[in-house]
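*Asks:* Below are the structure tokens for one structure; questions will follow.
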Amino acid sequence: MTVYLDYNATAPLRDEAREAMLAAYGAPGNPSSVHQAGRQARSKVEQARHTLARALGVATSDVIFTAGGTEANNLGLLGLAKANTCTDVLLSAIEHPCIQMAAQNTGLPIHTIDVTGDGALDLAALQGVLDRLDSDSRPLLALMMANNETGVLQPVEEAAKRLHKADGLVHVDAVQAFGKIPVSLASIGADSLAVSAHKIGGPMGVGALALTCGTQLSPRNLGGGQESGHRGGTENVPGIIGFAAAATAAIDDLDHNADMLALRDHVQQRMLVLAPNAVVLGGHAPRLCNTLSIATPGFAADIQVMSMDLAGFAISSGSACSSGKVKSSAVMVAMGLSDALSFCAIRISLGQTTRRQDLDAFVDAWGEALARIQLKECG
Ligand code: PLP
């Protein structure tokens, strides 16, 4: 059986979500219909909205369900830019492609803000860009709360303060942070925030955009006026119910974060003993307790991923293969890693089912694969 260590790609469906969804699939009813079946579906959707709103520190009416994190990020960025006549888009250099592509789609000038060597937004660089904007500009910053590759936490609160001082707005991509650390839009002080169900043990293809009270947003999906006119289209009722069940379970599990951190640090330490020259990306920055991104010089990431797959462990690499050519991860380039090192970076991401003995078995198998590579090099 495969040991799954790729939670940042997607988390296995939680039992709570599966059970809630199976019950929902048995009930017909369009939440916009006025008959009893429709009203029951509506009531379930509104209960789920209330759950998400409480979890995210916003009013119930300020949660918009979407078909995933990508759509929530597209809606947040494009919807805020249009409704608030923003003049410039600011992005950290490590944003997810769904933010980068949405930014290009605004047609506005884009200012990419550098990150430090540890992969956190450089606040001085952000301030420099804000100071150089025309006095009548209205900037919109998109900043993720935690990076998907390194887990490094971003200074979202401080960035939001600076943007608001400059008469700007802030959209936060909390897709990786939600369910792994407490996430409250009210505490962050941003204008909108995106989350996704499948990263926390809910179903794929369901997400939400949370808004701060009074935030103006233009819709992107035009249709029947669902989601208070913010997102047309019949709601994915079972998916939304599963999302709320997963969110409740994930938030309960935050109490076990110290155990998760101990597990992550255990695997990290054991790998560093086997490969003392390996580099932990973002190792000196605050980061998600479930994520380890580690580059081992001379041990290509694709070989690591394939040999671990054969040994029964699912992990991922930072580099992406497009048109047959392996490309460095944009995140690692932004952090100043050489191509050679970034091609040797793997990501191990833990979750609620990860056990210490599985991690020990993983490190044993990884150590054997490393020894084989080293032996080849010597021979
Ligand atoms: N933002 C971040 C930081 C992500 O890691 C991901 C998914 O990998 C997304 C957005 C997109 O979310 P979804 O897969 O729900 O579309």
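The values are calculated or read from the model by the stated rules, or taken from the named source; none is laboratory data. Predicted model, so just to flag it, every value in this text is computed and none were measured. Positions of Cβ are generated from backbone atoms using ideal geometry, with glycine treated the same way; all protein chains shown enter the neighbour counts.
*Asks:* Being in contact with a Gly (Cβ under 8 Å, 6 or more places away or on another chain) and closer than 30 Å to Pro238 by Cα narrows it down to one residue among Met204, Met101; which is it? If you could, list the steps in order and put the result at the bottom.
*Replies:* Numbers: Met101 fails: in contact with a Gly (Cβ under 8 Å, 6 or more places away or on another chain).
Going through Met204, Met101 in turn, the sole match is Met204.
*Asks:* Residue by residue through the stretch 90-107, note down the ones that are more than 16 Å from Arg220 (Cβ to Cβ) and not in a helix (DSSP H, G or I).
*Replies:* Leu90, Leu91, Ser92, Ala93, Ile94, Glu95, His96
*Asks:* Taking the stretch 178-193 as the region of interest, how many residues are closer than 16 Å to Asn148 by Cβ and surrounded by fewer than 24 Cβ atoms within 10 Å (Cβ to Cβ)?
*Replies:* 2
*Asks:* Among (1) of a type in the set (Gly, Ala, Ser); (2) free of Cβ contacts under 8 Å to residues at least 12 places away in the same chain; (3) surrounded by 24 or more Cβ atoms within 10 Å (Cβ to Cβ), where does Gly223 come up short?
*Replies:* Every condition holds for Gly223 apart from (3).
One line per residue, one yes/no per condition, for (1) under 23 Å from the mean Cα position of the chain (by Cα); (2) of a type in the set (A, V, I, L, M):
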{"site": "His256", "(1), (2)": "yes, no"}
{"site": "Ala262", "(1), (2)": "yes, yes"}
{"site": "Gln269", "(1), (2)": "no, no"}
{"site": "Val280", "(1), (2)": "yes, yes"}
{"site": "Pro286", "(1), (2)": "yes, no"}
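*Asks:* Any chance the stretch 239-260 includes a residue that's touching a Leu at 6+ places or on another chain (Cβ under 9 Å), farther than 30 Å from Cys378 by Cβ, of a type outside the set (S, T, N, Q) and not assigned by TED's automatic domain parsing to the domain that holds Gln47?
*Replies:* yes
*Asks:* Among the residues of the stretch 171-197, which ones are more than 14 Å from the ligand (Cβ to nearest atom) and either assigned to a loop (DSSP other than H, G, I, E, B) or closer than 16 Å to Cys98 by Cα (or both)?
*Replies:* Pro182, Ser184, Gly189, Ala190, Asp191 - these are the residues of the stretch 171-197 that are more than 14 Å from the ligand (Cβ to nearest atom) and either assigned to a loop (DSSP other than H, G, I, E, B) or closer than 16 Å to Cys98 by Cα (or both).
*Asks:* Next question, about the same structure. Quick one: would you say Asp122 is of a type in the set (Asp, Glu), touching an Asp or Glu at 6+ places or on another chain (Cβ under 7 Å), free of Cβ contacts under 8 Å to residues at least 40 places away in the same chain and within 30 Å of Ile348 (Cα to Cα)?
*Replies:* Considered against the rule, which asks whether it is of a type in the set (Asp, Glu), touching an Asp or Glu at 6+ places or on another chain (Cβ under 7 Å), free of Cβ contacts under 8 Å to residues at least 40 places away in the same chain and within 30 Å of Ile348 (Cα to Cα), Asp122 comes out as yes.
*Asks:* Being surrounded by fewer than 21 Cβ atoms within 10 Å (Cβ to Cβ), under 30 Å from Gly282 (Cβ atoms), more than 16 Å from the ligand (Cβ to nearest atom) and at pLDDT below 95 narrows it down to one of Thr2, Thr106, so name that one. Step through it out loud before you land on a result.
*Replies:* Details: Thr106 fails: at pLDDT below 95.
Sole residue among the options that is surrounded by fewer than 21 Cβ atoms within 10 Å (Cβ to Cβ), under 30 Å from Gly282 (Cβ atoms), more than 16 Å from the ligand (Cβ to nearest atom) and at pLDDT below 95: Thr2.
*Asks:* So, one more: Can you tell me which residues in the stretch 1-45 are assigned to a strand (DSSP E or B) and within 24 Å of Ile251 (Cβ to Cβ)?
*Replies:* Taking the stretch 1-45 as the starting set, the residues that turn out to be assigned to a strand (DSSP E or B) are 3-4, 6.
Hits for the stretch 1-45 are Tyr4, Asp6.
*Asks:* Of these, Leu359, Leu337, which one is closer than 30 Å to Ala174 by Cβ and touching a helix residue (DSSP H, G or I) at 6+ places or on another chain (Cβ under 6 Å)?
*Replies:* Just a single option satisfies the conditions, and that option is Leu359.
*Asks:* Looking for whichever is near the ligand (Cβ under 10 Å from one of its atoms) and surrounded by fewer than 23 Cβ atoms within 10 Å (Cβ to Cβ) here; the options are Gly214, Gly205. Which one fits?
*Replies:* Gly205
Here is a yes/no grid of residues against (1) surrounded by 22 or more Cβ atoms within 10 Å (Cβ to Cβ); (2) out of contact with any Gly (no Cβ under 9 Å at 6 or more places or on another chain):
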site: Gly29; (1), (2): no, no
site: Ala37; (1), (2): no, no
site: Ala41; (1), (2): yes, no
site: Glu46; (1), (2): no, yes
site: Gly57; (1), (2): no, yes
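*Asks:* Phe243 passes all but one of (1) surrounded by fewer than 24 Cβ atoms within 10 Å (Cβ to Cβ); (2) in contact with a Gly (Cβ under 7 Å, 6 or more places away or on another chain); (3) not aliphatic (A, V, I, L, M); which number fails?
*Replies:* Result: Phe243 passes all but (1).
*Asks:* Filter the stretch 111-169 down to residues that are in a loop (DSSP other than H, G, I, E, B) and among the charged types (D, E, K, R) and give me whichever is farthest from Ser329 (Cα to Cα).
*Replies:* Asp136
*Asks:* Pairs only if they're at least six apart or on different chains, beta carbon under 7 angstrom, first in the stretch 355-379 and in the same structural domain as Leu272 (by TED's automatic domain parsing), second modelled with pLDDT under 90 and in a helix (DSSP H, G or I); list them, first residue then second.
*Replies:* Once the first residue is in the same structural domain as Leu272 (by TED's automatic domain parsing) and sits in the stretch 355-379, no partner that is modelled with pLDDT under 90 and in a helix (DSSP H, G or I) comes close enough.
*Asks:* Being assigned by TED's automatic domain parsing to the domain that holds Gln352, surrounded by fewer than 18 Cβ atoms within 10 Å (Cβ to Cβ) and β-branched (Val, Ile, Thr) narrows it down to one of Ile303, Ile315, so name that one.
*Replies:* Only one candidate passes the filter, namely Ile303.
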